[in-house]
Amino acid sequence: MNLKDLIKGQQYVNEMRPVFAKRALYSDTTENYVTPAEPAPYTKVKIRFRSKRSNIDRVFLICKGQRYLMFKVFSDAQFDYYEVKLQLDNEKITYYFEVQAGAIICYYDYRGVAKRPDEHYNFVIIPGFETPDWAKGAVMYQIYVDRFCNGDPSNDVMTGEYQYIGEKTHRVEDWYQYPASMDVRNFYGGDLQGVLDKMDYLEGLGVEVLYFNPLFVSPSNHKYDIQDYDHIDPHYGKIVNDGGRLLEQWETDNTHAERYIRRVTDSENLQASDELFIQVVQEAHKRGMRVILDGVFNHCGSFNKWLDRERIYENAPGYEKGAYVSGESPYHGYFNFRDQNRFPYNPTYDGWWGHDTLPKLNYEGSRQLEEYILYIARKWVSPPFCADGWRLDVAADLGYSPEYNHRFWRKFRDAVKEANPEALILAEHYGDPSSWLQGDQWDTIMNYDAFMEPVTWFLTGMEKHSDDRRSDLMGNADSFVNAMKYHGAAMAMPSLLTSMNELSNHDHSRFLTRTNYKVGRTNSLGSEAANQDVNKAVLREAVVMQMTWPGAPTVYYGDEAGLCGFTDPDNRRTYPWGREDRQLIDFHRAAIRMHRDNPELKKGSLKWLLSDYNFIAYGRFDFKHQSVVLINNNDREVTKEVSVWELGIPKAAWLKRLIFTDERGFNVEPVTYRVEAGKISVTMPKTSAMVLRYVNEEFCLERQKVRKNFW
């Protein structure tokens, strides 16, 4: 062999590398890979990227058309870590990575490894955008107050107390009676005293945040038709000054509803009810819980004191004339009247979606209305009430134009954050939320598109109202993964980690009912059908996903006790006190404890590990803790080999099982699983879920040596 051939041979050996390990590539915008995770404007941010050790030549961060070469700053037994520092302005940046390994060039973004960039999946950093730390991964519990617990029967809405949508109110005597098909004026008596009475239960369940459906004075049981934003409804609070007659059977005029008028307009009743709410917040805070209120600011109700179509306030002392009553009302501009010549008692105001019981608020026509709602926004998150945030009903529909809506929510954010910097602003929204989540309006959303819907389709094949079933989506892991990636990419990490991840709520069928695959509602199937053929093992699978997915897992009251129900109003059944499914409650308690005890499940990174028909595996991890989540939704046992080394788990190790569930129940007894060559082999029964965990006890030893440089 001549010298030339020898040199060529040596060069070939020197340039040899292991097979390109694309599964080792990783980055995201959690605090593991972006420091600080929520950077201030005009500061520097460190962005990191991971590859398999000695496996790539170079990696570039691509931002605004600029290529930034990243430098290797640390290596451990498996990975190399690269870093670059960027100087931020006061504008959002988006970026992705270009990876080079010999002749191989690939890209990395929110999807993972990609053949070509796609702007939709770019990573996002918004300087100055912070969401409350307490809300990241917080376990929330939604309470529809009338149906949770009746702690004070003396404040119950009475039969015949007033007229609402063509009939009189009805006090339901049987707590366990199913909601009627026209349920809006039926009252079961749940109240804030009932919440106080169940605080031990909520604390024991592991709840960290109480989210209340509306509490303000309103004539319906759902209270999305606000009558008085200034006060808690005495039917939920306290009635200290009672009396007056009920409506006679033949009466329809609410000006004669003396008892109702006294209950909801008397200042002593309103003050006592507000004080009870203060007590609820104080008790929650004492137990380490937060409280979120429901803000219904798009529309109010026809009973509202600003409109007063029912003339509740017309002769009540201390109240101005409503806009329906008089064209000279100070609230005239709060509503859009199509015919200005119909006063007094003008019925031509705009209603939301045409409903005259839900008058549309006319923000563009009244600066005074805008200022008053901003005052309300500040009031309830400030002392002495001290609520911890707002959930905003149909938030994108607020005004008559998107342009105004964006302007208003910027003002709303400024008002709320000035009053309480730690308050959360969480909006109901369907579709792409990105224009609202730019750090200047909402903090986050109810996560329909990137949680509730994909989980429901994958595990049940059912639409979230139980209105349709699609067998092509049930068990379709590719569709599930793609939906989660596509919709999750619309949120920056501060929004994603605080997003409300629900399985059920007051607007959709109960998740447990979706497991029976019955398409329909109570008017076509009857209420009892919602209880039939349900599969609690599928619900437990869903809860495992809920408690291990990025965001704030939110339990709709009663789901943990086995409550069923088709969509509204059947989903608003009463909590089944005395008839609870105790095993299901114990399971929720264990799953919540797992979520709260393991930090990677609150703020850690997410990585897909394996997907197959009716089977998914993913990991949540930081540099010290790694959890593996396995879901088998097949109706048969499966054995899978799952690669786990890419989470940072050693090639040879033992994983401890945190929780296991299948059709027989659940188990939290610790069982170990062996990792060999970076993989685990698992046999999972049908309809089962499992979470395994590894703790890297040697985490601090090597990395503390370079902590100052790396972190």
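Laid out as a table, the results:
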{"quantity": "One residue from His235, His222 being within 22 Å of the chain's Cα centre (by Cα), at pLDDT 95 or above and in a loop (DSSP other than H, G, I, E, B)", "calculated": "His222"}
{"quantity": "Qualifying residue in the range 548-558 (condition: open to solvent by 20 Å² or more (accessible area, probe 1.4 Å), modelled with pLDDT of 95 or more and not acidic (Asp, Glu))", "calculated": "no"}
{"quantity": "Residue selected from the range 584-618 under the condition charged (D, E, K, R) and surrounded by fewer than 16 Cβ atoms within 10 Å (Cβ to Cβ), by the criterion nearest to Trp549 (Cα to Cα)", "calculated": "Asp597"}
{"quantity": "From the options Leu210, Leu205, Leu246, residue that is touching a helix residue (DSSP H, G or I) at 6+ places or on another chain (Cβ under 9 Å), open to solvent by 10 Å² or more (accessible area, probe 1.4 Å) and over 20 Å from Ile373 (Cα atoms)", "calculated": "Leu246"}
{"quantity": "Failed item, numbered, when Gly128 is tested on (1) in contact with a Gly (Cβ under 7 Å, 6 or more places away or on another chain); (2) part of a loop (DSSP other than H, G, I, E, B); (3) crowded, with 21+ Cβ neighbours inside 10 Å", "calculated": "(3)"}
{"quantity": "Exclusive hit being open to solvent by 10 Å² or more (accessible area, probe 1.4 Å) and in contact (Cβ under 8 Å) with a residue 24 or more places away in the chain, set Gln87, Gln142", "calculated": "Gln87"}
{"quantity": "Residue count, the range 53-78 (criterion: under 19 Å from Asp109 (Cβ atoms) and not in a loop (DSSP other than H, G, I, E, B))", "calculated": "10"}
{"quantity": "The range 669-682: number of residues that are open to solvent by less than 70 Å² (accessible area, probe 1.4 Å) and either within 20 Å of Arg593 (Cα to Cα) or among the hydroxyl-bearing types (Ser, Thr, Tyr) (or both)", "calculated": "2"}
{"quantity": "Matching residues, the range 400-452, being under 16 Å from Val381 (Cβ atoms), out of contact with any Gly (no Cβ under 8 Å at 6 or more places or on another chain) and of a type in the set (Gly, Ala, Ser)", "calculated": "Ala415, Ala419, Ala427"}
{"quantity": "Only listed residue being over 25 Å from His508 (Cα atoms), open to solvent by 30 Å² or more (accessible area, probe 1.4 Å) and in contact with a Ser or Thr (Cβ under 6 Å, 6 or more places away or on another chain), chosen from Arg410, Arg378, Arg338", "calculated": "Arg338"}
{"quantity": "Some residue of the range 387-399 being farther than 16 Å from Cys300 by Cβ and more than 19 Å from the chain's Cα centre (by Cα)", "calculated": "no"}
{"quantity": "Filtered residue count, the range 336-359, keeping only those that are part of a loop (DSSP other than H, G, I, E, B), under 22 Å from Thr265 (Cα atoms) and under 40 Å from the mean Cα position of the chain (by Cα)", "calculated": "2"}
{"quantity": "Candidates Phe303, Phe343, filtered to the one that is crowded, with 24+ Cβ neighbours inside 10 Å and touching a residue at least 12 places away in the same chain (Cβ under 8 Å)", "calculated": "Phe303"}
{"quantity": "Residue that is nearest to Gly295 (Cα to Cα) [pool: residues in the range 238-273 that are outside any helix (DSSP H, G or I) and of a type in the set (Asp, Glu)]", "calculated": "Asp266"}
{"quantity": "One residue from Asp266, Asp308 being without any contact (Cβ under 8 Å) to a residue 24 or more places away in the chain, surrounded by 19 or more Cβ atoms within 10 Å (Cβ to Cβ) and out of contact with any Leu (no Cβ under 8 Å at 6 or more places or on another chain)", "calculated": "Asp308"}
{"quantity": "In the range 143-197, the residues that are in contact with a Lys or Arg (Cβ under 9 Å, 6 or more places away or on another chain), of a type in the set (Val, Ile, Thr) and in a helix (DSSP H, G or I)", "calculated": "Val145"}
{"quantity": "The range 632-668, residues that are open to solvent by 80 Å² or more (accessible area, probe 1.4 Å) and more than 21 Å from Arg50 (Cβ to Cβ)", "calculated": "Asp635, Arg636, Glu637, Thr639, Glu641, Trp654, Lys656, Glu663, Arg664"}
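Rundown of residues vs (1) at pLDDT 95 or above; (2) surrounded by 19 or more Cβ atoms within 10 Å (Cβ to Cβ); (3) farther than 22 Å from Tyr121 by Cβ; (4) hydroxyl-bearing (Ser, Thr, Tyr), yes/no style:
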site: Ser27; (1), (2), (3), (4): yes, yes, no, yes
site: Tyr33; (1), (2), (3), (4): yes, yes, no, yes
site: Ala40; (1), (2), (3), (4): yes, no, yes, no
site: Val45; (1), (2), (3), (4): yes, yes, no, no
site: Ser51; (1), (2), (3), (4): yes, yes, no, yes
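The values are calculated or read from the model by the stated rules, or taken from the named source; none is laboratory data. Small disclaimer: the values here were computed from a predicted structure and weren't measured. Positions of Cβ are generated from backbone atoms using ideal geometry, with glycine treated the same way; all protein chains shown enter the neighbour counts. What goes into the accessible areas is simple: the full protein's heavy atoms, side chains included, and nothing from ligands, DNA or RNA. Shrake-Rupley method; radii C 1.70, N 1.55, O 1.52, S 1.80 Å.
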